[in-house]
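Q: Before we start, here is the structure in question, set down as structure tokens.
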Amino acid sequence: MSTAQQVPDILSPEFAADPYPAYRLMRETAPLFWHEATRSWIVSRYEDVERVFKDREGRFTTDNYDWQIAPVHGRTILQMSGREHAVRRALVAPAFRGADLREKFLPVIERNARELIDAFRHTGRAELVADFATRLPVDVIADMLGLDKADHDRFHRWYTSVIAFLGNLSGDPVVAEDGARTREEFAAYMIPIIRERRENPGDDLLSTLCAAEVDGVRMSDEDIKAFCSLLLAAGGETTDKAIAGIFANLLAHPGQLAAVREDRSLIARAFAETLRYTPPVHMIMRQSAVDVPLSGGTIPAGATVTCLIGAANRDENRYRDPDRFDIFRDDLTTSTAFSAAADHLAFALGRHFCVGALLAKAEVEIGVGQLLDAMPGLRPADGFDPVEEGVFTRGPRSLPVRFTPAA
């Protein structure tokens, strides 16, 4: 069994400041090791993380979510398996693809992006994280669900609390208490709205979820509340950091920024490469049901497995020159990057592939496109320093920029 004595601990300030050198050491010298503080096995190579995510034989489960996310979300689709999971996914998935996404939600994304940009398009300056990236996905989700966008600050506080709980690898009791309190507050907010929407349905996603039925099964109030909580946290945090990451990466590579400005079809490539190079989610956990051999040893049955997406997506055995951001690389398939056939790992894979991947793609393509339209001459402002923050999820702290304001 490999050890990781020479690798910075994943809870250390050194790791939080820049995990990528540690990821490289893990892949090379300790592709599988026991991490005592999190009571989990750490997996870092692409082939191993892919194997965990794609498992079709029941060797890896999401039973870990019973303690990892249920305290803040309640029981969600992520914790389900077999027919229960298939039916719940069939209930929610149609809203995030095809005609519903195209006809109902693209106009919502376009309107919200435009309204946010209107606040700064004539000023010649913006802070892309605070002014746009953190706001767009939450506003879109609130609009999709038919909730009051005036509650944005409350939604943002809730999802920040949930993400902090999920990433509470050190077991901070204050973070845990805040997460539990958030679950109670969100339930008190959502359950009355769900019940009202059952009585008076509208043309929104919440009404659709209330009415959805597959094989005689409908979602309970608790099911819907838990899914909305998951949607707000997962959809808000990841899309927020993806949009910020795309601009941080493109601003650091002016030639590629110019290419994307000239050809907007390249936004999807920039998004896919950002998901590989600086993924919003760096860790996803699973639980082993049986003993499973992986690179470097065997994971025992009943163990928590921490899959390091940030490490696997830079595996030199999968990608050429993996520490280079390159939207034109030919070893990342853009056409499948937002489906369960993706060859990056940022959305997971297999039956628990992110149900909101196409929604995220739409938000990014529309948001980035509108920003580029509104910000000719885009350049870093004085003091621009796209420092990434976070361990469980990770993204730029701030992105102050200048541009030529519209006439």
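The values are calculated or read from the model by the stated rules, or taken from the named source; none is laboratory data. This structure is a prediction, so every number in the text was calculated from the model and none was measured. We place every Cβ from the backbone using ideal geometry, glycine too, and count neighbours over all the protein chains shown. All accessible areas refer to the heavy atoms of the entire protein, side chains included, with ligands and DNA or RNA removed. Shrake-Rupley method; radii C 1.70, N 1.55, O 1.52, S 1.80 Å.
Q: For region 104-148, enumerate the residues that are polar (S, T, N, Q) and not in a loop (DSSP other than H, G, I, E, B).
A: N112
Q: Are any residues in region 369-389 touching a residue at least 40 places away in the same chain (Cβ under 8 Å) and either in contact with a Phe, Trp or Tyr (Cβ under 6 Å, 6 or more places away or on another chain) or of a type in the set (F, W, Y) (or both), and if so, which ones?
A: M375, L378, F384
Q: Further question on the same structure: Return the residue satisfying two criteria in turn: it lies in region 265-287 and is among the basic types (K, R) and at pLDDT 95 or above, and of such residues it is most open to solvent (accessible area, probe 1.4 Å).
A: In this case the residue turns out to be R269.
Q: Does R125 fit the bill of being open to solvent by 50 Å² or more (accessible area, probe 1.4 Å) and at pLDDT below 90?
A: Taking the combined requirement at face value, the residue does not satisfy it.
Q: Against the conditions (1) in contact with a Leu (Cβ under 7 Å, 6 or more places away or on another chain); (2) under 30 Å from D66 (Cβ atoms); (3) surrounded by 19 or more Cβ atoms within 10 Å (Cβ to Cβ); (4) of a type outside the set (S, T, N, Q), where does I327 fall short? Just the number, please.
A: Single failed check for I327: (2).
Q: Of the conditions (1) in contact with a Phe, Trp or Tyr (Cβ under 6 Å, 6 or more places away or on another chain); (2) among the aliphatic types (A, V, I, L, M); (3) free of Cβ contacts under 8 Å to residues at least 40 places away in the same chain, I299 clears all except one; give me its number.
A: (3)
Q: I'd like the residue in region 351-369 that is open to solvent by less than 40 Å² (accessible area, probe 1.4 Å) and within 12 Å of I243 (Cα to Cα) and, out of all such residues, is modelled with the lowest pLDDT.
A: Looking at the filtered set, the residue picked out is A360.
Q: With F392, F403 as the choices, which residue is aromatic (F, W, Y), closer than 25 Å to Y46 by Cβ and in contact (Cβ under 8 Å) with a residue 40 or more places away in the chain?
A: Sole residue among the options that is aromatic (F, W, Y), closer than 25 Å to Y46 by Cβ and in contact (Cβ under 8 Å) with a residue 40 or more places away in the chain: F392.
Q: Of all residues in region 198-229 being under 28 Å from the mean Cα position of the chain (by Cα) and among the charged types (D, E, K, R), which is surrounded by the fewest Cβ atoms within 10 Å (Cβ to Cβ)?
A: D203
Q: Looking for whichever is modelled with pLDDT of 85 or more and under 18 Å from I117 (Cβ atoms) here; the options are I243, I224. Which one fits?
A: That would be I243, the only listed residue that is modelled with pLDDT of 85 or more and under 18 Å from I117 (Cβ atoms).
Q: Among the residues of region 293-311, is there at least one that is touching a His at 6+ places or on another chain (Cβ under 9 Å), among the hydrophobic types (A, V, I, L, M, F, W, C) and closer than 28 Å to I141 by Cβ?
A: Within region 293-311 (the criterion being touching a His at 6+ places or on another chain (Cβ under 9 Å), among the hydrophobic types (A, V, I, L, M, F, W, C) and closer than 28 Å to I141 by Cβ), the answer is yes, since at least one residue qualifies.
Q: A further question follows. Of the conditions (1) assigned to a helix (DSSP H, G or I); (2) in contact (Cβ under 8 Å) with a residue 24 or more places away in the chain; (3) within 30 Å of V305 (Cα to Cα), L169 clears all except one; give me its number.
A: Condition not satisfied by L169: (1).
Q: Of the numbered conditions (1) open to solvent by 50 Å² or more (accessible area, probe 1.4 Å); (2) modelled with pLDDT under 85; (3) in contact with a Leu (Cβ under 6 Å, 6 or more places away or on another chain); (4) not small (G, A, S), Y159 satisfies every one except a single condition; which is it?
A: (1)
Each row is one residue, and each column tells you yes or no for (1) acidic (D, E); (2) in a helix (DSSP H, G or I); (3) surrounded by 19 or more Cβ atoms within 10 Å (Cβ to Cβ).
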residue	(1), (2), (3)
D9	yes, no, no
F15	no, yes, no
R24	no, yes, no
F33	no, no, yes
A37	no, no, no
W41	no, no, yes
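Q: In addition: When only residues in region 386-407 that are under 21 Å from T123 (Cα atoms) and assigned to a loop (DSSP other than H, G, I, E, B) count, which is most open to solvent (accessible area, probe 1.4 Å)?
A: A407
Q: Are any residues in region 230-256 open to solvent by 30 Å² or more (accessible area, probe 1.4 Å) and either touching a Lys or Arg at 6+ places or on another chain (Cβ under 9 Å) or assigned to a helix (DSSP H, G or I) (or both), and if so, which ones?
A: A234, T238, K241, P254, G255
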